[in-house]
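*Asks:* Below is a structure I'd like to ask you about.
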Amino acid sequence: MSQRNDGMIHDAGTSATLPFAAAKGDDIMQAFSAVLGPAGMVADDAGRAPYETDWRGKYHGRSLAVLRPADTAQVAAVMRICAHHGIAIVPQGGNTGLCGGATPNTAGRQIILSLQRMRRLRSIDAEGASITCEAGMPLAEAQGHAEAAGLLLPISIASEGTATVGGAVATNAGGLNVLHYGSMRGMVLGVEAVLPDGSLWSDLGGLRKDNTGYAVSSLLTGSEGTLAVVTAACLALSPRPSGHTTFLAGLDDPGQALAMLSALRAGAAEAVTAWELFSTVSADILRSEPPHLTLPLARAHGWYLLGEVSHFGPPSDAQAATLERLANLCDDLGLDDIVQATSQAQRASLWALREGISTAERSLGPSLKHDVSVSPGRVAGLATALVSECADLVPGLRLNVFGHVGDGNLHINALPLERGVAMPDRVADAVTRHIYDRTHDAGGSFSAEHGVGQAKRAEMLRYKPPDHLRVLRAIKSALDPQGLMNPGKVLP
Ligand SMILES: Cc1cc2nc3c(=O)[nH]c(=O)nc-3n(C[C@H](O)[C@H](O)[C@H](O)COP(=O)(O)OP(=O)(O)OC[C@H]3O[C@@H](n4cnc5c(N)ncnc54)[C@H](O)[C@@H]3O)c2cc1C
């Protein structure tokens, strides 16, 4: 072992920075404390606990400390200390991620870098239709600022009260409105981020067009904390719709949802902003579990479609025309059980059904979650095939299938066979393998919007071509040569 004049401790044979064990723990904690002060550090077991477990309660880690910087300069100072001592960093926003990406390993040597104290609005530009806010601002708060300026931040996810702007950027979050507005990457005009050596990447000018080299802000979007810490983002805003047509329809087969979508979009002046499918199992658990909601339809169906069309500009005959077209389409497709919201309260209660599915599922105990996508033309076939094939594979298995069908994205969650008890590993592995293999064979992805985190690293190895992985690894080692950013996540 030797100490070079850069102050890092290196292994003479490999020149790699040695891990934390070689450095003095107390000195490191003092260095963090000198930068952050007492308000910026959580070191005791009880205080760290909520940061060390994920939202699902599936991943449990142990950190050296939870650091809560107040501004970008503090993030940079923390990163320099970490680089110097070879300490790994796990960035964390609202901790609502579904792949364990924000949970440290169990060694107690990684720090959790929580952005929750960095939640300032930097600026809002109504003319340029953009908002610049710090990474720890909850999405719902950013949406509120946009609304106050008469604009729309069109990301919509059920966790938006807690999930942060930085987390949504880092996971390239999707949600209900991707169909019309795209996922987070489409909204990111630029980010400010601290790289692992403590240097700053800042691209917050709000430019809509800028072809000057690699699109680094886009690359950091969806990088799940493995390349840099996002400290702020400039996001594009959209005009607010002046009204909505929202409806719920019972379907016999998910193909009807896709047929209706393409017919409705053809030549339409308005925007179809959400197209959500859910299954009879989703309806059952909504009724039997909290939030105990019953569908306002005449009878039960195999599948349900919750659709929304947004109208822009002054109220006109457009809404009535949309309703007429919807009614005609339902007739053509033989759909006779449909309700339309006629007030904001009814619209909210239709959306509460969709948003309540995850809560209902959670109360049954640990389910086996999958978040897959195929090209939209193939999604109906995949949904029906998987429901029947998985029931053949495991008798009595109930698949809670729901999701953003217009984007070709389904959440296919196998409910526990026994309430509160995780499925045996052997059964779970067989179900997961079948779902992912089928999706892969249909040209799809094993992670549509939730990311990879630690949950799906093995799938990267299984389904990604070696050349693809080689490029990802090259990017990782160029930006994070010491491998300190969120190790054990995304890359196998
Ligand atoms: C009920 C529920 C519904 C959901 N619905 C959807 C949905 O419809 N669509 C969807 O896409 N997701 C959904 N999610 C998943 C989750 O909310 C999103 O992934 C969200 O973007 C995570 O944000 P967060 O701030 O909680 O990030 P965290 O969970 O804290 O972190 C997620 C990942 O991002 C990294 N990260 C966080 N902040 C930063 C930062 N500032 N810089 C660098 N890396 C960072 C972490 O290291 C981790 O890898 C849902 C989750 C729940 C619980």
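*Asks:* Please give the net charge around residue 99, taking every other residue with its beta carbon less than 15 angstrom from that of residue 99, where Lys and Arg add +1 and Asp and Glu add -1.
*Replies:* Overall, the nearby charge balance is +1.
*Asks:* Can you work out the FRET efficiency for the pair residue 70 and residue 462, with r the C-beta to C-beta distance and R0 = 41 Å, to the nearest 0.05?
*Replies:* Efficiency for this residue pair is about 0.45.
*Asks:* Shifting gears a bit: May I ask for the net charge around residue 409, where only other residues with Cβ less than 9 Å from the Cβ of residue 409 are counted and Lys, Arg are +1 while Asp, Glu are -1?
*Replies:* Values: positive: none; negative: 371, 407, 449.
It works out to a net charge of -3.
*Asks:* Right, another one. From the cross-link list 369/489; 369/476; 58/456, which pairs have alpha carbons spaced over 20 Å apart?
*Replies:* Distance filter (> 20 Å) returns 369/476.
*Asks:* Also, quick follow-up: So how far apart, in nm, are the two label points at residue 43 and residue 294 if each is 7 Å from Cα heading toward Cβ?
*Replies:* Reported label-point gap for residue 43 and residue 294 is 5.8 nm.
*Asks:* For segment 301-356, what class follows from the C-alpha gyration tensor (a ≥ b ≥ c being the square roots of its eigenvalues): rounded when a/c is under 1.5, otherwise prolate if a/b is larger than b/c, else oblate? Write down the numbers at each step before the final one.
*Replies:* On the way: a/c = 2.46, a/b = 1.11, b/c = 2.22.
The shape class here is oblate.
*Asks:* With all protein chains present, how much of the accessible area of segment 402-492 (probe radius 1.4 Å) comes from carbon and sulfur, to the nearest whole percent?
*Replies:* Values: 2220 of 4200 Å².
Result for segment 402-492: 53 percent of the exposed heavy-atom area is carbon or sulfur.
*Asks:* Indicate the gyration tensor shape class of segment 51-125 (rounded, prolate or oblate), computed on the Cα atoms with a ≥ b ≥ c the square roots of the eigenvalues: a/c under 1.5 is rounded; otherwise a/b larger than b/c is prolate and the rest oblate.
*Replies:* Numbers: a/c = 2.83, a/b = 1.20, b/c = 2.35.
Here segment 51-125 falls in the oblate category.
*Asks:* Percent of accessible area on segment 160-312 owned by carbon and sulfur, 1.4 Å probe?
*Replies:* Here carbon and sulfur together make up 53 percent of the probe-accessible area.
*Asks:* Span-like helices, the chain: DSSP H, alpha-carbon axial extent 24 Å or more, mean Kyte-Doolittle -1.0 or greater, which ones? Show your work: numbers first, answer last.
*Replies:* Numbers: long enough: 344-362 (28 Å, -0.62); 376-393 (25 Å, 0.78).
Taking the DSSP H segments of the chain (at least 24 Å long, mean hydropathy at least -1.0), we get 344-362, 376-393.
*Asks:* Given points 7 Å out from each Cα along the Cα-Cβ axis, report the residue 140 to residue 429 separation in nanometres with one decimal.
*Replies:* Roughly 4.1 nm, to one decimal.
*Asks:* Post the alpha-carbon centroid distance, segment 278-333 to segment 363-442, in whole angstrom.
*Replies:* 23 Å
*Asks:* So if we plug the beta-carbon distance of residue 242 and residue 280 into 1/(1 + (r/R0)^6) with R0 = 35 Å, what FRET efficiency do we get, rounded to 0.05?
*Replies:* It comes out at approximately 0.50.
*Asks:* Based on the alpha-carbon gyration tensor of segment 190-252 and its eigenvalue square roots a ≥ b ≥ c, which shape applies: rounded if a/c is under 1.5, prolate if not and a/b is larger than b/c, or oblate?
*Replies:* Because a/c hits 1.5 or more and a/b exceeds b/c, segment 190-252 counts as prolate.
*Asks:* Using 0.36 nm times the number of residues separating residue 343 and residue 320, minus their current alpha carbon distance, what extension gain do you get?
*Replies:* 6.8 nm is the gain from fully extending residue 343 to residue 320.
*Asks:* Report the extension gain between residue 253 and residue 362 in nm, rounded to one decimal, defined as 0.36 nm multiplied by the number of residues separating them, less their alpha carbon distance. Write out the running numbers ahead of the final one.
*Replies:* Details: separation 109, 0.36 × 109 = 39.24 nm, distance 2.60 nm.
Stretched out fully, the residue 253 to residue 362 stretch lengthens by 36.6 nm.
*Asks:* Semi-axes, largest first, in whole Å: what does sqrt of 5 times each Cα gyration tensor eigenvalue give for the chain? Intermediate values should be presented prior to the final figure.
*Replies:* Numbers: eigenvalues 340, 144, 79 Å².
For the chain, the semi-axes come out at 41, 27, 20 Å.
*Asks:* Another question about this same structure. Restricting things to alpha carbons, tell me how big segment 238-316 is in terms of Rg and Dmax, in Å.
*Replies:* Expressed in Å, the Cα Rg and Dmax of segment 238-316 come to 14.6, 42.
The values are calculated or read from the model by the stated rules, or taken from the named source; none is laboratory data. All values reported here derive from a predicted model rather than from experimental measurement. Cβ atoms come from the backbone with ideal geometry, glycine included; neighbour counts cover every protein chain shown. Side chains are part of the model used for accessible areas, which takes the heavy atoms of the whole protein and leaves out ligands, DNA and RNA. Shrake-Rupley method; radii C 1.70, N 1.55, O 1.52, S 1.80 Å.
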